[in-house]
């Protein structure tokens, strides 16, 4: 009789414990790491309502029913990298292409993320939109511009950033889209060599154009000076010899103006039509 009573009481205890566990009445600890939020998911076996708690759990240890558990979400800035191989540009050149997206989940809203999008929210909602925007950008550019013109990639980054921001807002996805970075556009080696030659040729062309413009400017200046000298001589009624003498005196005066503020300098100026002597510093 005692043995039977003992086993009977034991089975009753086990049954009671199972019932409590089934009802979610037994506690268990779960922790949330720093920089994360824990979303509590309730899955009662018999009593209660399954679902997601509206308020996330912060960093630390939390005691839950056995029928509940936490799903952690990283609320720190996160970087998602994307890479393309043989992506064809506007001029039909295959390139290897890299970019990354810097985002951050909004704190306090991770239960919304879990309930509507799940832990793989980037892969299921954002990734393909990001990759499509990158493809469209690269396919609209020449390989030369992608590899040599920083303003092209900068404009592309801003355009893609706005595209992603508008998308997550339309989807009510509580995530901050902070930055898009495009880099590492690598065409085949033969294209790189051709790009380098093209860049060098364009630089030579720019140099030649600048030199030609400088020559034109100098010629214009000399022509204008000659016209001004002619007008000056005509205004004072000077013949060519008289004008040359006048200009010689002006040059000597300019030499004096240059050195008159300097210490220990002698200036020898010719007289009686002699040529101006050089400036001789004294020792």
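Where helices (runs of 4 or more DSSP H) fall wholly inside segment 69-166, the ranges with 1 or more residues that are at pLDDT 95 or above are 110-116, 127-139. Across segment 83-97, the qualifying residues are those that are surrounded by fewer than 15 Cβ atoms within 10 Å (Cβ to Cβ) and in contact with a strand residue (DSSP E or B) (Cβ under 7 Å, 6 or more places away or on another chain), and the one among them that is nearest to residue 134 (Cα to Cα) is 83.
Screening segment 30-49 for residues that are touching a strand residue (DSSP E or B) at 6+ places or on another chain (Cβ under 9 Å) and part of a loop (DSSP other than H, G, I, E, B) and picking the one that is surrounded by the most Cβ atoms within 10 Å (Cβ to Cβ) gives 44.
Candidates in segment 98-129 are the residues that are farther than 20 Å from residue 34 by Cα and touching a helix residue (DSSP H, G or I) at 6+ places or on another chain (Cβ under 6 Å); of these, the one that is surrounded by the fewest Cβ atoms within 10 Å (Cβ to Cβ) is 129.
The values are calculated or read from the model by the stated rules, or taken from the named source; none is laboratory data. Worth saying up front: this structure is predicted, and the values here are computed from it rather than measured. Because the Cβ atoms are built from the backbone with ideal geometry, glycine has one as well, and the counts that use them run over all protein chains shown.
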